[in-house]
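The values are calculated or read from the model by the stated rules, or taken from the named source; none is laboratory data. Note that the structure is predicted; figures quoted are calculated from it, not measured. For neighbour counting, all protein chains shown are included, and Cβ atoms are generated from backbone atoms with ideal geometry for every residue, glycine included. In case anyone asks, the SASA skips ligands and DNA or RNA and just uses the protein heavy atoms, side chains included. Shrake-Rupley method; radii C 1.70, N 1.55, O 1.52, S 1.80 Å.
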Amino acid sequence: MFKNVIVRRPGRSLAEGITSAPELGKPDYELALKQHDAYIKALEECGVKVTVLEALEEYPDSCFVEDTAVLTKRCAIISNPGASTRRGESVLMIDTIKKFYSDDQIEYITSPGAMEGGDVMMVGNHFYIGLSARTNEEGCRQFKEALEKYGHTCSVVSLEEVLHLKTGVNYIENNNMLVSGEFIEKEDFKSFNKIIVPENEAYGANCIWINDIVIVPEGYPTVEKGVRDAGYKVIVLDTSEYKKLDGGLSCLSLRF
Ligand code: CIR
């Protein structure tokens, strides 16, 4: 169960965030704020306490807090984003994390290691880390070493087609996993009960489980049906403005 969630409000500079899909247009700031309000409300409905941080205009992508750290029941690992414009976001998250973890529970990924939290998927005590455009081999090595100090286990999954591991695969507990594209046939995930996400709904693979409720993005009917059929209560949220920056539901929070 999760007790806490950290989010950061988007700033007006959101329009300058990194994107692989400029054809979707620039995000509308006012609409992004409304979608963020709804996101916070949904999290609260899931029974967690939400810590809402102020926007950081100097970091256009800083509402995607998931990339700044990995928070487990036993430790916090501060990332070192592979995207150079995002490096400072992790540093600015440390004070908030120190409100929840003592100094001897906090680990740091350092250069030349690069790692972003979107590449980390928790399955109980085990953590899958994606070797991606944003997380390098040294980042994976440091992450694994840090986790093992606390009795967690870790394995590396390489990916080629999407930005982060959780762009394409998400664990929603009870052995259920949403899988899309290159992850459908991955050996690493063969023992899970897979909910297959069709190519035309690939963005919908990024759902989040919070205390037996699954939050699903709006507009992905096959995904929504698959999650409902697996027995979950579902909350559907519109994330259109974050999709324009390759961001999904998981990217907008740290859940622990
Ligand atoms: C970026 O490219 O870094 C942001 N525009 C999107 C980050 C999405 N984060 C995530 O998947 N965890």
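Here are the numbers for this structure:
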| read-out | value |
| --- | --- |
| Boolean, residue 227 is of a type in the set (Val, Ile, Thr) and closer than 20 Å to residue 162 by Cβ | yes |
| Strands (runs of 3 or more DSSP E) wholly inside the stretch 142-236 containing at least 3 residues that are closer than 21 Å to residue 130 by Cα and modelled with pLDDT of 95 or more | 153-158, 169-171, 176-180, 193-197 |
| Output for the stretch 214-227, where each listed residue is surrounded by fewer than 17 Cβ atoms within 10 Å (Cβ to Cβ) and under 19 Å from the mean Cα position of the chain (by Cα) | 218 |
| Residues of the stretch 60-78 satisfying the condition of being more than 10 Å from the ligand (Cβ to nearest atom) and outside any strand (DSSP E or B) | 72, 73, 74, 75 |
| Residue, farthest from the ligand (Cβ to nearest atom), within the stretch 1-35, restricted to residues that are among the aliphatic types (A, V, I, L, M), part of a loop (DSSP other than H, G, I, E, B) and out of contact with any Ser or Thr (no Cβ under 8 Å at 6 or more places or on another chain) | 1 |
| Check on residue 118, touching a residue at least 12 places away in the same chain (Cβ under 8 Å), in contact with a His (Cβ under 6 Å, 6 or more places away or on another chain) and of a type in the set (Gly, Ala, Ser) | yes |
| Candidates 242, 171, 203, filtered to the one that is touching a residue at least 60 places away in the same chain (Cβ under 8 Å), at negative phi and either within 11 Å of the ligand (Cβ to nearest atom) or open to solvent by 20 Å² or more (accessible area, probe 1.4 Å) (or both) | 242 |
| Residue identified as surrounded by 17 or more Cβ atoms within 10 Å (Cβ to Cβ), at pLDDT 95 or above, out of contact with any strand residue (DSSP E or B) (no Cβ under 7 Å at 6 or more places or on another chain) and of a type in the set (A, V, I, L, M) among 31, 71, 14 | 14 |
| In the stretch 79-110, the residues that are in a helix (DSSP H, G or I), in contact (Cβ under 8 Å) with a residue 24 or more places away in the chain and either open to solvent by 30 Å² or more (accessible area, probe 1.4 Å) or more than 15 Å from the ligand (Cβ to nearest atom) (or both) | 85, 96, 97, 105 |
| Failed item, numbered, when residue 113 is tested on (1) assigned to a loop (DSSP other than H, G, I, E, B); (2) of a type outside the set (S, T, N, Q); (3) within 16 Å of the ligand (Cβ to nearest atom); (4) under 16 Å from residue 79 (Cα atoms) | (3) |
| Filter result for residue 122 (closer than 16 Å to residue 67 by Cβ, open to solvent by 60 Å² or more (accessible area, probe 1.4 Å) and out of contact with any Leu (no Cβ under 8 Å at 6 or more places or on another chain)) | yes |
| Counted residues, the stretch 125-137 - those being open to solvent by 30 Å² or more (accessible area, probe 1.4 Å) and either touching a Cys at 6+ places or on another chain (Cβ under 6 Å) or within 16 Å of the ligand (Cβ to nearest atom) (or both) | 4 |
| Considering residues of the stretch 206-226 that are among the β-branched types (Val, Ile, Thr) and under 30 Å from residue 26 (Cβ atoms) only, the residue nearest to the ligand (Cβ to nearest atom) | 208 |
